[in-house]
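Heads up, the thing below is written out as structure tokens.
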Amino acid sequence: MRALTTMCAVFAMAVTAMAADNTLGTWKYNTAKSKPAAGVSPIESLTVTREATNGTVTISAKGERKDGSKIDTVTTTKYDGAASSVTGTGLAWDSTTIKQINANTLSEERSKQGGKYHSTVRTVVSKDGKTMTGSTKGTDAEGKPFTSVAVFDKQ
């Protein structure tokens, strides 16, 4: 009986550790450390909020680019590799697929339905939990390759 209790406790701890997600919270875009893709109006301000609710994660992004265009989007997704819709304005993609690698790392595929835009993003939270970095490689709406790095500070 004691061995069973110990096994259950170890299993519960393992499940809890696997379910951890250090990307959750509110993050502010760091313009000084980020490197936008060429040919895109740089982000002037952006706040991303990531909240877990009932087995899903809701990702809200609100901000503005240097050209004055607004960013205001919401995505509700699971980290199961299934595509989820991105609603709102200001982004080049309208669909995303996210997989969790570990508590500090996500892998994401972004695409535009019926368009040429496609990108992959590797998001990593620093060990101290204060910085989140998204490194993106892809093809823009004109079919040209691009890269970008978005750095966020935890709020």
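If I ask for residues that are under 15 Å from Gly134 (Cα atoms), in a strand (DSSP E or B) and of a type in the set (A, V, I, L, M), which ones from the stretch 26-61 would you list? Hits for the stretch 26-61 are Ile43, Leu46, Val48, Ile59, Ala61.
Looking only at the stretch 142-155, residues that are surrounded by 12 or more Cβ atoms within 10 Å (Cβ to Cβ) and either charged (D, E, K, R) or farther than 19 Å from Ser107 by Cα (or both) come to 3 in all. Does Ala103 fit the bill of being touching a helix residue (DSSP H, G or I) at 6+ places or on another chain (Cβ under 8 Å) and surrounded by fewer than 17 Cβ atoms within 10 Å (Cβ to Cβ)? Judged against the criteria, Ala103 is a match.
With the requirement that a residue be part of a loop (DSSP other than H, G, I, E, B) and either small (Gly, Ala, Ser) or in contact with a His (Cβ under 7 Å, 6 or more places away or on another chain) (or both), what does the stretch 62-89 give you?
Step one: filter the stretch 62-89 for residues part of a loop (DSSP other than H, G, I, E, B), giving 66-69, 78-79, 81-83.
The answer is Gly68, Ser69, Gly81, Ala82, Ala83.
A quick yes/no check of all residues on (1) modelled with pLDDT of 95 or more; (2) within 12 Å of the chain's Cα centre (by Cα); (3) buried (at least 17 other Cβ atoms within 10 Å of the Cβ); (4) on the phi < 0 side of the Ramachandran plot:
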| site | (1), (2), (3), (4) |
| --- | --- |
| Leu4 | no, no, no, yes |
| Met18 | no, no, no, yes |
| Ala38 | no, no, no, yes |
| Pro42 | yes, no, no, yes |
| Arg50 | yes, yes, yes, yes |
| Val57 | yes, yes, yes, yes |
| Val74 | yes, yes, no, yes |
| Glu108 | yes, yes, yes, yes |
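Residue count for the stretch 99-119 under the criterion of being hydrophobic (A, V, I, L, M, F, W, C) and touching a residue at least 24 places away in the same chain (Cβ under 8 Å): the result is 2.
The values are calculated or read from the model by the stated rules, or taken from the named source; none is laboratory data. All figures in this text were calculated on a predicted structure; none of them were measured in a lab. Because the Cβ atoms are built from the backbone with ideal geometry, glycine has one as well, and the counts that use them run over all protein chains shown.
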